[in-house]
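The values are calculated or read from the model by the stated rules, or taken from the named source; none is laboratory data. Because the structure is predicted, anything quoted here is derived from the model rather than measured. Every residue, glycine as well, gets a Cβ built from its backbone with ideal geometry; the counts of neighbours run over all protein chains shown. Only protein heavy atoms, including side chains, enter the accessible area calculation; ligands, DNA and RNA are left aside. Shrake-Rupley method; radii C 1.70, N 1.55, O 1.52, S 1.80 Å.
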Amino acid sequence: MSAQLIGVGVGPGDPELLTLAAVAAIESADVVAYHARPGGSSTARSIAERFFRDGQIHELLHYPVTTGITDHPGGYAGAMAEFYVEAAARLSAHLDAGRTVAVLALGDPMLYSSYQHLHRILEGRYPTRVIPGVPSVTAAADVLGQPLAEDEEVLTILPGTLPESELVEHLRRTDTAVIMKLGRTFTKVRRALQATGAVERAYVVSRVGMDNQDTVAVADADPEAIPYFSVIVVPSTSVGRRVAEEHKGEVVVVGLGPGADKWTTPEVVEELARATDIVGYSTYVNRVAERAGQRRHLSDNKVEAERAAMALDMAKRGRRVAVVSSGDPGVFAMAAAVLEVADDPQWREVPVRIVPGMTAAQAVASRVGAPLGHDFGMVSLSDRLKPWEQVEKRIRALAGADMAFAVYNPASKERRWQVAALRDIVLEYQSPDTPVIVARAVGSDQESVAVKTLAEFDPEVVDMRTMVIVGASTTASYEGLNGVRVFTSRRYGE
């Protein structure tokens, strides 16, 4: 191969983001060159080294300075100009000897890249080729999963090294922006974003594609923890409008469904994506996919009122809070708790919305057919918030009314005897042959569902992940092609 200078974009960090053209150029080059900070190693090399071959010549181009502080008579600009001239001379020696030289460039070779300076010096003397790379500009937006620019929006790419007044001016004139060259410039850049009202929709994405990749909202970021390999993304103004709406403050109580992701409705998914904060019992919060810049507040399952107060307080301060429940939030879940706490003068101005979800009773019933196909009831066996005497009164009312009913919160490690009491009470009103559905962890990979008679029903198999559905006199079962089918008839015998 004749001598050629090739600028190779190696992308932001992940070797799998190298193009096929980049890999071919690295593998075939006689000389591979890459930059590094003073005394440091080369990030570009670490991305591409799996494609090196034996016998290649390597040129490590150490910058003389990166901080702008130098005793060079020409200052920082003079020191760097001298460095590029010397680096170009080193590469020229290889090119003059007929070798092909591949210069690795982070991101794209023609976007804020050291390769550009070498290209400018050498392009008139040698054949050159530039292989594009994935720039951190778009890679960071992809990490966030946020549109960078839409329709006729104007995108501006800014170096964080600009004076603060110029940053403010550019940010005011654009719809969306990416700011590079952070590190020590971060505090100044954040002030510019605050001055233009863009800080609430801006995110820092650090070390894109690297093992220690990280994202954080600009408003929450620690200036001392922002590495040089970071960019700030100010997403599409459509995102900005959404965030502006969110920062009016609101609590949205959502139901995730009983367990399987497919039972979470699209409306709930949308609300979770829009939330600035997720609040709930730890088991339920952990079911929600993590999103960049979104805060998560996990708590124990016995602090409903405290959890509601926290959510309302955050919303009052401008956060858009999603309070998560399993199943439907209005069925033995957080909707009532939030609304009860919100009935306080300090939170009367906070909007509260409820977004429904599939109930556990629906999910369990569907597994065996339609045991709740006629009039039915729901009761919780938990006596933590109401006395057992009240629970028993309601069980007798349901059994005496000859209605099928679903039993929530039937047992826990400490609370065991109530399930046996439930069985005994129902036997006073219903036949021992009455169908009982015992379902555990429906929607998960530990799901188990059994249909028993009231006489066969064993209370010891029940725990907090179990739901029980007790049939009525009109509830029947039969063996179908796909297991036992249970239904409660909508007709009564004459």
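List of remarks:
- Filtered residues of region 310-346 (kept if of a type in the set (Gly, Ala, Ser) and either open to solvent by 30 Å² or more (accessible area, probe 1.4 Å) or assigned to a loop (DSSP other than H, G, I, E, B) (or both)): 318, 326, 330, 333, 336
- Close pairs from region 297-325: first not assigned by the TED database to the domain that holds residue 342 and modelled with pLDDT of 95 or more, partner open to solvent by 40 Å² or more (accessible area, probe 1.4 Å) and in a loop (DSSP other than H, G, I, E, B), Cβ under 6 Å, at least 6 apart: none
- Filtering region 73-93 to residues that are more than 23 Å from residue 34 (Cβ to Cβ) and open to solvent by 40 Å² or more (accessible area, probe 1.4 Å) leaves 73, 74.
- Restricting attention to region 164-196, the residues that are without any contact (Cβ under 8 Å) to a residue 24 or more places away in the chain, more than 19 Å from residue 226 (Cβ to Cβ) and surrounded by fewer than 16 Cβ atoms within 10 Å (Cβ to Cβ) total 4.
- Filter result for residue 267 (outside the structural domain of residue 412 (by the TED database), open to solvent by 40 Å² or more (accessible area, probe 1.4 Å) and either among the aromatic types (Phe, Trp, Tyr) or touching a residue at least 24 places away in the same chain (Cβ under 8 Å) (or both)): yes
- Sole exception among (1) touching a Lys or Arg at 6+ places or on another chain (Cβ under 9 Å); (2) in contact (Cβ under 8 Å) with a residue 60 or more places away in the chain for residue 332, by number: (1)
- Residue among 456, 414, 460 that alone is closer than 26 Å to residue 334 by Cα and not assigned by the TED database to the domain that holds residue 333: 414
- Options 483, 377; residue that is under 20 Å from residue 362 (Cα atoms) and at pLDDT below 90: 483
- With respect to the conditions (1) surrounded by fewer than 17 Cβ atoms within 10 Å (Cβ to Cβ); (2) assigned to a helix (DSSP H, G or I), residue 152 lacks only one, and its number is (2).
- Within region 290-300, the set of residues being open to solvent by less than 60 Å² (accessible area, probe 1.4 Å) and assigned to a loop (DSSP other than H, G, I, E, B) comprises 292, 293, 294.
- Of the residues making up region 5-56, those that are in contact (Cβ under 8 Å) with a residue 60 or more places away in the chain and of a type in the set (Asp, Glu) are 14, 30.
- Residue ID - surrounded by the fewest Cβ atoms within 10 Å (Cβ to Cβ), chosen from residues in region 363-382 that are over 36 Å from the mean Cα position of the chain (by Cα) and not hydrophobic (A, V, I, L, M, F, W, C): 375
- Within region 197-206, considering residues that are touching a residue at least 24 places away in the same chain (Cβ under 8 Å) and open to solvent by less than 50 Å² (accessible area, probe 1.4 Å), the one farthest from the chain's Cα centre (by Cα): 198
- Any chance residue 274 is outside the structural domain of residue 152 (by the TED database) and open to solvent by 30 Å² or more (accessible area, probe 1.4 Å): yes
- Remark: residue 441 matches the filter, which requires a residue to be modelled with pLDDT under 90, assigned by the TED database to the domain that holds residue 364 and touching a Gly at 6+ places or on another chain (Cβ under 8 Å).
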